[in-house]
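Asker: Mind looking over this structure? Questions follow.
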Amino acid sequence: MIELPDLAVGGLAVGTLSALALGGGLLRSRRQLTRQRAETDALRSRLDGALQTLTAEVEHLATQRVPAAARQLAHPHVVVPGPLQPHTAGTPLGIALEGVLLGLRAELSAQRTRIDAAAQAGMRGATREIQAALYRLQDALRQLQQRYDDPELAQTLFQLDHENEQSLRRAQVAAVVCGAWVGLAREESHLVDAVTGGQSRLAGYHRVKVHNHLETGTALVSHAVEPVAIIVAELLDNALRHSAPDTDVVVNLEHVHHGVCVTVDDSGVGMTQDERAHAQRTVAGTEPILLTGLGDPPRMGLAAIGQLTRQFDLGVDLSSPSPYGGVRAVLRVESHLLSRIDPVEQPPAVSTPRSTRKATAEASHGYGTDDAAITGHHDELPQRRRRTRAAAPKASAAEHVARSPEDAAAALGALQSGTAAARADGAATDVPTNETDYEGGPAR
């Protein structure tokens, strides 16, 4: 029989063991809770760090990367910064941020293209009106040249006509850049006439020295005449603008294996390698032209060349420096754009430089034998049309004083008769009668 004290001792022992077990459980629970709290704090700290990193990356994306990506569309040399934390590249976060930039570029590019197309359409309409007004002014000036016999007035009218021609060139270039047709349908013409016609559209035409090494009668097919004249004018304009006013721009016309090359050399400041590469891409016509990418004010000359080289299968190369220290520009005209004109039946303009390749027809029919016209080529306006327009020759002050009124009247009479015959011959093709004459192609 178990005694009461023994039962009490056993109960106490069991209670003690239970208390100890309970205390151990509570201790383990407390330790576990402490560990869980530590883990929770660590997770919260990591979460706060990730949130701060994400916030910093988003702020960096908004303030640095997005603006740079937007600027890069117009200025390819702009570098878009990478993420703040390089280790995020390739992670879901980095991929998501790059996706934001890609989507932004695509949308901005589409919006820019639509806006630029609208701007080009508006400019095409404006240049159409400007060209029409300038052609009307040109026609009025020519009528005045035919009507009046005063030598000083005739010289002033010629100068005004030349200024008007330069304005027409700028309007035409703007229209071409905006996708308009080149205008002015022409007949087949001597290539040298197209070159001097482009030369005549420039303020510094007298600084251009043309050396004609082509076979007499080398001509352009009708649809290539005006594009070649425009391209030559823009290449010469760049050469004249970027070289000293007391230097010459040298032009050589030469046969090559697959056609003809017109080489323009200046002694200007030249271009850096990056500038030359950019210019070459522009004149190649392989990249879309946007008005917003042409600078402020827009530099449209090379862009117009790029449009024409693509449309008419011409080639322009700017990759070589000029031996005179500036830039060399080479216009290549392929054989399928060339033709031949009988120099006897249709001789080139008298004021164009004669070919260094002498032919029998030249000696027997007088082409290229007029020394006065040859030596005075750069003292008068080169021909701007397929037919010859005689320009008033310059004379010294002493010659003006010595010339009698009868001599002046006789000279002006010969001048007016020559210009009247040339204009009557070229009026059908040179002076547009409506908008389709200079906007005859489809708008692009």
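The values are calculated or read from the model by the stated rules, or taken from the named source; none is laboratory data. Computed from a predicted model, the values in this text were never measured in an experiment. In this analysis, Cβ positions are derived from the backbone assuming ideal geometry, glycine residues included, and neighbour counts consider all displayed protein chains. Only protein heavy atoms, including side chains, enter the accessible area calculation; ligands, DNA and RNA are left aside. Shrake-Rupley method; radii C 1.70, N 1.55, O 1.52, S 1.80 Å.
Asker: Pop a pseudo-label 7 angstrom from the Cα along the beta-carbon direction at both residue 153 and residue 129 and give the gap in nm to one decimal.
Answerer: 3.3
Asker: At residue 139 and residue 106, where each label point lies 7 Å from the Cα along Cα→Cβ, what is the point-to-point distance in nanometres?
Answerer: That separation, rounded to one decimal, is 5.2 nm.
Asker: Now a separate question. Just the accessible area per residue of the range 154-277, please: how many Å² with a 1.4 Å probe? Intermediate results must be reported in sequence, preceding the final value.
Answerer: Values: 4120 Å² over 124 residues.
Per residue, the range 154-277 has 33 Å² of solvent-accessible surface.
Asker: Please label the shape of the range 211-257 as rounded, prolate or oblate, based on the square roots a ≥ b ≥ c of the eigenvalues of the alpha-carbon gyration tensor (a/c under 1.5 means rounded; beyond that, a/b larger than b/c means prolate, else oblate).
Answerer: Numbers: a/c = 3.25, a/b = 1.58, b/c = 2.06.
Taking the square roots of the gyration eigenvalues as a ≥ b ≥ c, the range 211-257 is oblate.
Asker: Given H placed 1.01 Å from N in the peptide plane, which residues other than close sequence neighbours of residue 189 have an amide H under 5 Å from its amide H?
Answerer: Residues meeting the amide H criterion: 220.
Asker: Report the accessible area of residue 124, computed with a 1.4 Å probe over the heavy atoms of all protein chains in place, in Å² rounded to the nearest 10.
Answerer: Surface open to solvent at residue 124 totals about 30 Å².
Asker: Here's a follow-up. I need the semi-axes of the equivalent ellipsoid of the range 87-231: take the C-alpha gyration tensor, multiply each eigenvalue by 5, square-root it, list largest first in whole angstrom. Kindly include the intermediate steps, with their values, before the conclusion.
Answerer: Working: eigenvalues 446, 91, 40 Å².
For the range 87-231, the ellipsoid semi-axes come out as 47, 21, 14 Å.
Asker: Compare the peptides 216-227, 336-347 by average per-residue count of other Cβ atoms within 10 angstrom and give them in order, highest first.
Answerer: Numbers: 216-227: 22.0, 336-347: 15.9.
Taking the mean over residues of other Cβ atoms within 10 Å, the ranking is 216-227, 336-347.
Asker: May I ask you to give the solvent-accessible area per residue for the range 46-89, in square angstrom, as obtained with a 1.4 angstrom probe?
Answerer: Details: 2890 Å² over 44 residues.
Accessible area per residue, the range 46-89: 66 Å².
Asker: Right, here's the next one. Shape verdict for the range 253-359, please, from the Cα gyration tensor: rounded (a/c under 1.5), prolate (a/b greater than b/c) or oblate.
Answerer: Details: a/c = 2.28, a/b = 1.68, b/c = 1.36.
It comes out prolate by the Cα gyration axes.
Asker: Using a 1.4 Å probe over the heavy atoms of the protein chains, calculate the carbon and sulfur portion of the accessible area of the range 210-363 as a whole percent.
Answerer: Values: 3610 of 7050 Å².
About 51 percent, which is the carbon plus sulfur part of the accessible surface.
Asker: For the range 184-284, compute the orientation-averaged projected area of the C-alpha convex hull (one quarter of its surface), in nm². Intermediate values should be presented prior to the final figure.
Answerer: Numbers: hull surface 28.5 nm².
About 7.1 nm², averaged over all directions.
Asker: Specify whether the C-alpha gyration tensor of the range 305-348 places it in the rounded, prolate or oblate class, a ≥ b ≥ c being the square roots of the eigenvalues: rounded for a/c under 1.5, otherwise prolate if a/b is larger than b/c and oblate if not. Each step should come with its number before you reach the end.
Answerer: On the way: a/c = 3.51, a/b = 1.60, b/c = 2.19.
Taking the square roots of the gyration eigenvalues as a ≥ b ≥ c, the range 305-348 is oblate.
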